[in-house]
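The structure under discussion is supplied below as structure tokens; questions concerning it will follow.
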């Protein structure tokens, strides 16, 4: 009967995150029907992505389930790990995009290592290939940084128009973003 806590956890998690498309849902204590908020319904269309708020709510609920003996800590840790991996970043991109870039770099490094081990290239040639690869990534970095900056500016304008933040708050965010960019440029310039 080890599977029972996992089943209870799965059902509870999906119910708490309102992943069904139904406009009405039951409360956690199976009381009267309540309307689902617009934010919960929009979360239903984005399969397998979670916001920080949804993650925090699910984590709190799962920890209570562990304390009540309804789920094991291992099951909860596994579920929370899955949620963390699919959680949205603040800029709206999935974390999987960031990890795919790291995986791509790891793949290039691994292929170079295999070529060295098999004798197809020398270690010096491998280092040269790795250096060339990293330089090609750095050449793309300014364009990618500009694209991220433009996207962030567009997001700030949208947030001000929708009333999520005030113009002053948007200006403060823009100043902090520029300060981070200048700091990054100054530290990367020191390495050149």
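FYI, it's all coordinate maths here, none of it is from the lab. Bear in mind the structure is a predicted one, so any value in this text is a computation, not a measurement. Cβ atoms come from the backbone with ideal geometry, glycine included; neighbour counts cover every protein chain shown.
May I ask for the equivalent-ellipsoid semi-axes of the stretch 95-191, computed as the square root of five times each C-alpha gyration tensor eigenvalue and listed largest first in whole Å?
Taking √(5λ) for each eigenvalue gives 40, 15, 9 Å, largest first.
Still on this structure: What distance in nm separates the two pseudo spin-label positions at residue 57 and residue 120, each 7 Å out from Cα along the beta-carbon direction?
5.1 nm
Would you kindly state how much longer the chain becomes between residue 149 and residue 105 on full extension, computed as 0.36 nm times their sequence separation minus their alpha carbon distance, in nm to one decimal?
Length gained between residue 149 and residue 105: 13.5 nm.
Based on other C-beta atoms within 10 Å, arrange 112, 153 from fewest to most.
So the ranking, lowest neighbour count to highest, is 153, 112.
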